[in-house]
1. If you roll a 1.4 angstrom probe over the protein chains with everything in place, what fraction of the accessible area of segment 77-216 belongs to carbon and sulfur, to the nearest %?
2. Can you flag which of Lys246/Lys334; Lys153/Lys246; Lys63/Lys254 are past 30 Å Cα-Cα?
3. Taking the Cα centroid of segment 161-209 and of segment 270-334, what is the distance between the two, rounded to the nearest whole Å?
4. Between Asp320 and Asn193, what length comes free when the chain is fully extended (0.36 nm per residue of separation minus the Cα-Cα distance, one decimal in nm)?
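The values are calculated or read from the model by the stated rules, or taken from the named source; none is laboratory data. Every value quoted in this text rests on a predicted model; they were computed, and no experiment measured them. Protein only, heavy atoms only, side chains kept; ligands, DNA and RNA dropped before computing areas. Shrake-Rupley method; radii C 1.70, N 1.55, O 1.52, S 1.80 Å.
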Amino acid sequence: MLTKKRSRYRKKKAAYILTGCAVLIVAAVFGAGIWKKQTASPHLKKSENSVSMDQQEDGITYKGKTYTYNDHLSNFLFMGIDTRGEVENQETDNTGQADAIFLVSMDRVTEQIHVISIPRDTITEIEVFTVGGKSLGKMENHINLQFAQGDGKREICELMEDAVSDLFGGIHIQSYCAVNMDAIPVMTEIAGNVEVTVPDNSLAEVNPEFTEGAEVVLTKDNVEQFVRYRDIDQTQSALVRQNRQKSFLQAYMKKAQEEYQKDASFVARLYDSLRSYMVTNMGNDIFVKFLTATEKNPPVTHTVPGEGVQGDYYDEFHVDQDGLQDLIYSVFYKEDK
């Protein structure tokens, strides 16, 4: 439990989840992976051009151009958690880790959505706590471990919001949605199974059905292997499996939109099926906006730039700070003309 209360804008929990948001939840949940205890890493130097939100009012000069923050944006955090079972029965000492993390930004005027994937092994500042809940301050560590520093529900989701916000220079995140692994087969079954083209041979030795170029139907029985499996004895295996995850995301988006067009009750059934495995503070109005936006404009996808390296004990992802600044300015800022 946290010792201080965070003042967050909380919206009423959704009564129904619509297809556009379902796709984003898929992006979060299918990335949840296997975790082992990890240790802190050396402090990483920030870029001299790092964005700070306290600079935005008067504009920021970057690479010879002046930018101001796009105040038409709404930002949301989606997470896939590597635990099972119903959230209400989750033990506070077994909260799991946020092994799939997506920052989603929607322009309320243009209705363009940007989806930014944050690698689970990203080294950044996270807040750590004693067993009794006293904050020990911030330290450099894997960002997915931030989820282990709380109750696994609303408080810890807010800690993840803070960690991701800090990584992006203080970007305000309005709402969050965290889903655990048991949602993967449920979502697939509700959609009526999903057909994908296997993008590579990263899973071929484990399951010959999943050879590069093969057309396969993902069901509740095989979908988790397709989207989650990685060889933890191989370095950077979490990055390798992203190709399969992207294939599934694209296929699920198409299938979910088809199902919604045929039967509007699809969205209600999907939400009801995920209710037990999800923690969110998003309201129904947000889900409606997601649906409208994804129908008009295909989401633009990004990955935090950087390099996967072998740490002293575990894989690490070191952010390219200059590349991250370029991404921040391109997604969250407008160039002054």
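1. 46
2. Beyond 30 Å: Lys63/Lys254.
3. Value for the Cα centre distance between the two parts: 10 Å.
4. Going from the current span to full extension adds 41.9 nm.
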